[in-house]
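The values are calculated or read from the model by the stated rules, or taken from the named source; none is laboratory data. In this text, all values refer to a predicted model and were calculated from it rather than measured experimentally. Quick reminder, even Gly has a Cβ in these numbers, built from the backbone with ideal geometry, and neighbours come from all protein chains shown. SASA here: full protein model, heavy atoms, side chains in, ligands and nucleic acids out. Shrake-Rupley method; radii C 1.70, N 1.55, O 1.52, S 1.80 Å.
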Amino acid sequence: MTVLETVMDWTEPFTAGLRRDVPLAPFTTVGLGGPARWFFEPADAVEVAAFLRAARAAGVRTLVLGAGANLLVADGGVDAAVIHPARLDRIEIDGDRVRAGAGVSLTELIARTTDAGLGGLETLAGIPAQIGGAIAMNAGGRWGSISRSTVEVELATSDGRVETAPAEALRFSYRKAAIPPGAVVTGATFRLVPGDRRELKKAAGRILKEKNAAQPTTGANFGCAFVNPEGASAGKLVEAAGLKGTVRGGARVSPLHGNFVENLGSASADDVRGLLEMIEKTVFERFGVRLEREVRCWP
């Protein structure tokens with residue numbers, strides 16, 4: 001059997017949700033990225049697990065793409081199978097417990113839970129994420145993190161199983177969760193607190209208003225590009241280094257907030273990568289602080 005025949009064989013069970021050579025730029029908030037060799041939109045967690053097992057057996061690299069924030073895809077794309085969980089979009093509310101699929105947007109989940117008079121997630125208003133990515137990076141901000149309300153997480157594993165892990169097993173920390181190697185988040189369950197619907201809506205609105213006043217809300221960017229160092233603000237370090245407004249090719253450090261890197265419309269992935277490296281180098285030379293990226297780079 002040839003290599004091509006092997007590849008065709010492993011993808012055969014997944015043709016309903018599988019496409020080839022799909023450009024990834026439209027799926028990222030910064031609007032950059034070449035094609036993925038395979039692009040898979042699974043119907044459910046069982047299909048995710050089966051796909052992971054088949055890809056592993058074929059020696060094919062798998063990557064997961066959610067809302068596409070904090071992601072820089074190379075201009076030449078990625079020789080990998082990209083899993084996009086958009087169809088894992090169910091929300092189930094049962095008393096104070098809420099289950100959401102990995103493809104549910106955080107914005108939609110906040111709207112649904114506050115409509116139901118359930119609080120705990122409104123503190124995450126304005127974060128551009130789907131539930132899978134939000135869990136994997138413990139999304140949050142000054143008002144709280146998603147791990148505060150998480151009770152269990154559903155995972156598809158690379159050996160073809162779907163299992164549920166208690167939140168404690170993921171050892172959530174700042175912008176991190178201990179997802180088992182090769183596993184993919186396919187859903188999560190939250191325990192929320194009953195509250196007044198109108199007050200919860202107001203709280204989410206206040207947080208969103210504060211963010212919109214301090215951060216760029218138009219144009220293409222990642223959201224925050226760097227993790228805040230312990231006891232410091234990445235954005236303020238970038239500003240103190242004199243880098244706000246700095247342009248490289250078609251990429252720019254936001255003049256409004258130093259922790260945002262923008263695509264001005266003509267940027268390449270190399271422009272953005274070079275600007276991120278310039279920021280890291282300058283901040284380290286000026287302050288001795290090594291910034292850690294929130295932005296992931298493919299490949």
Task: Net dipole in debye of region 1-134 [+1 Lys, Arg Cβ; -1 Asp, Glu Cβ; about Cα centre; nearest 20] - done: 220
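Starting with the highest mean, order 150-156, 178-184 by the number of other Cβ atoms within 10 Å, averaged over the residues of each peptide. Kindly include the intermediate steps, with their values, before the conclusion.
On the way: 150-156: 23.3, 178-184: 15.9.
Sorting 150-156, 178-184 by mean packing, highest first, produces 150-156, 178-184.
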Open item on the list: Give me the count of lysine pairs in the chain whose alpha carbons sit under 15 angstrom apart, restricted to pairs 8 or more positions apart or on different chains.
Closed with: 4
- [ ] Hey, can you grab everything whose amide H is under 5 Å from the amide H of Glu152? Only 5+ residues off in sequence or another chain; H modelled, so Pro and N-termini drop out.
- [x] Ala167, Thr189
Task: Amide hydrogen neighbours beyond the local backbone of Val64, cut-off 5 Å, H modeled - done: Ile83
- [ ] For every other residue with a beta carbon closer than 15 angstrom to the beta carbon of Ala81, add +1 if it is Lys or Arg and -1 if Asp or Glu, then tell me the sum.
- [x] 0
Task: Under Karplus coefficients 6.51, -1.76 and 1.60, residue-wise ³J(HN,Hα) of region 223-231 in Hz, glycine/proline x - done: x, 5, 8, 10, 6, 5, x, 4, x
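Only Lys, Arg, Asp and Glu count, each charged at its Cβ (+1, +1, -1, -1), so figure out the dipole size of the chain about its Cα centre, rounded to 20 debye. Please report the intermediate quantities before stating the final value.
Numbers: 35 positive and 34 negative charges, 182 e Å.
The calculation lands at about 880 debye.
At 222 nm, what helix-only mean residue ellipticity would the chain give, in deg cm²/dmol to the nearest 500, using -39500 (n - 2.57) for each DSSP H run of four or more? Write out the running numbers ahead of the final one.
Numbers: 7 runs with 83 residues, N = 299.
Only helices count here, giving -8500 deg cm²/dmol.
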Open item on the list: In whole Hz and in residue order, list the ³J(HN,Hα) couplings for region 279-289 that follow from phi through the Karplus curve 6.51 cos²θ - 1.76 cosθ + 1.60, θ = phi - 60°; x for Gly and Pro.
Closed with: 4, 4, 5, 5, 5, 5, 5, 7, 10, x, 10
TODO: Give the residue from Thr218, Val78, Leu106 lying farthest towards the positive end of the charge dipole for the chain; charges sit on Cβ (+1 for Lys and Arg, -1 for Asp and Glu) and the dipole is referred to the Cα centre.
DONE: Thr218
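In Å², and per residue, what accessible area does the chain have when probed at 1.4 Å with the other protein chains present? List each step's numbers first, then the result.
On the way: 13890 Å² over 299 residues.
On a per-residue basis, the chain sits at 46 Å².
Leaving ligands, DNA and RNA out of it, report the carbon-plus-sulfur percent of the accessible area of the chain at a 1.4 Å probe. Write out the running numbers ahead of the final one.
Working: 6990 of 13890 Å².
Here carbon and sulfur together make up 50 percent of the probe-accessible area.
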Task: the chain: most fluctuating residue of Gly141, Gly132, Gly68 per GNM, C-alpha cutoff 10 Å - done: Gly141
Open item on the list: Ordering Trp10, Trp143 by accessible area with a probe of 1.4 Å, largest first, what comes out?
Closed with: Trp143, Trp10
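Can you sort Ser149, Ser266, Ser173 by solvent-accessible area, 1.4 Å probe, largest first?
Details: Ser149 10, Ser266 90, Ser173 55 Å².
Final ranking, largest accessible area leading: Ser266, Ser173, Ser149.
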